Amino acid sequence: MLVSSRSLGEYRRMFGLTDADLSGTILDCPGGCAGFAAEATEFGARVVAVDPEYATDTATMREQGLRTLQRGMAYHLEHPDEYVWTYFTDVEQYQAERTQALERFAADRAAHPERYVTALLPDLPFQDREFDLALTSHLLFSYLDRLDEDFHLAAIVELTRVARQARIFPLAPMGSQSYDGLPKFLERLAAAGIDAEVKAVDYEFQRGCNEMLVVSQG
Ligand SMILES: C[S@@+](CC[C@H](N)C(=O)[O-])C[C@H]1O[C@@H](n2cnc3c(N)ncnc32)[C@H](O)[C@@H]1O
């Protein structure tokens, strides 16, 4: 799985985050090598990032993040039509922003290791409603080839146990523009007592993916 390094700028757009959202307690799951926790903390948010890869040291994660960036760059150059070049104007800007976010992550994790917790969905080591908001970027729906719908359901039940609201982006597998199974999956969420709403966001990089799923326990 890719260990990517999105920035606060991308998170703001992917999840429609307001300054009020950023003043609360936020779970970033998975955090990967994202700069979000480091950058959002400067805005007054209290952020905890979770990822199974946090079992490895920061230098190794930084190497993983750099390798992921190189793979991403090569893929974008080979498949430019799968992406919308508005947030990033070109591959160079993509590389610069993601590299900066990666370096912010590495410096912050070295200075504040307590902010980065080793754990994995669907079992999180947190109390009920410990967070105002949970953010899930590029794990659920992105890897439907290896994470089945039962996993998705269990993960969303867990995210909405530990946070009053969770937001998930994107809603289609990598390389796809949509997920045909989404309407049926939303029915499964409703049957499990999860309120779910698909909302448009002002961010589209993977072509066709400009919606997030907002979920909470009813
Ligand atoms: C593509 S990265 C996304 C990182 C970050 N959210 C971002 O957008 O830049 C996917 C991450 O999911 C993590 N991951 C894999 N399985 C997981 C699980 N069961 N629970 C939580 N994180 C998981 C991987 O280690 C990887 O860092």
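Would you be able to tell me the number of residues in segment 26-53 that are of a type outside the set (A, V, I, L, M, F, W, C), more than 7 Å from the ligand (Cβ to nearest atom) and either outside any helix (DSSP H, G or I) or open to solvent by less than 10 Å² (accessible area, probe 1.4 Å) (or both)? So the count comes out to 3.
Are any residues in segment 185-216 open to solvent by 70 Å² or more (accessible area, probe 1.4 Å) and either touching a Leu at 6+ places or on another chain (Cβ under 9 Å) or more than 25 Å from E82 (Cβ to Cβ) (or both), and if so, which ones?
Quick first cut of segment 185-216, residues open to solvent by 70 Å² or more (accessible area, probe 1.4 Å) only: 187-188, 191, 195, 197, 199-200, 202, 207, 211.
The answer is E187, R188, A191, D195, E197, K199, E211.
Of the numbered criteria (1) in contact with a His (Cβ under 7 Å, 6 or more places away or on another chain); (2) within 15 Å of the ligand (Cβ to nearest atom); (3) not aromatic (F, W, Y), the one L144 fails is (1).
Checking R6 against (1) within 13 Å of the ligand (Cβ to nearest atom); (2) surrounded by fewer than 19 Cβ atoms within 10 Å (Cβ to Cβ); (3) among the charged types (D, E, K, R), which test does it fail? Among (1) within 13 Å of the ligand (Cβ to nearest atom); (2) surrounded by fewer than 19 Cβ atoms within 10 Å (Cβ to Cβ); (3) among the charged types (D, E, K, R), R6 violates only (2). Pairs are defined by a Cβ separation below 7 Å, a sequence spacing of at least 6 or placement on different chains, a first member in segment 161-176 that is at positive phi, and a second member that is modelled with pLDDT under 95; the pairs so defined are G175/E82.
In this structure, A172 does satisfy being in contact with a Ser or Thr (Cβ under 9 Å, 6 or more places away or on another chain) and part of a loop (DSSP other than H, G, I, E, B). Residue count for segment 9-25, restricted to those that are crowded, with 24+ Cβ neighbours inside 10 Å and either near the ligand (Cβ under 7 Å from one of its atoms) or among the hydroxyl-bearing types (S, T, Y) (or both): 1.
The values are calculated or read from the model by the stated rules, or taken from the named source; none is laboratory data. This one's a predicted model, so the numbers in the text were calculated from it and none came from an experiment. Ideal geometry is used to build each Cβ from the backbone, glycine not excepted, and the neighbour counts take in all protein chains shown. With ligands, DNA and RNA removed, areas are computed over all heavy atoms of the protein, side chains included. Shrake-Rupley method; radii C 1.70, N 1.55, O 1.52, S 1.80 Å.
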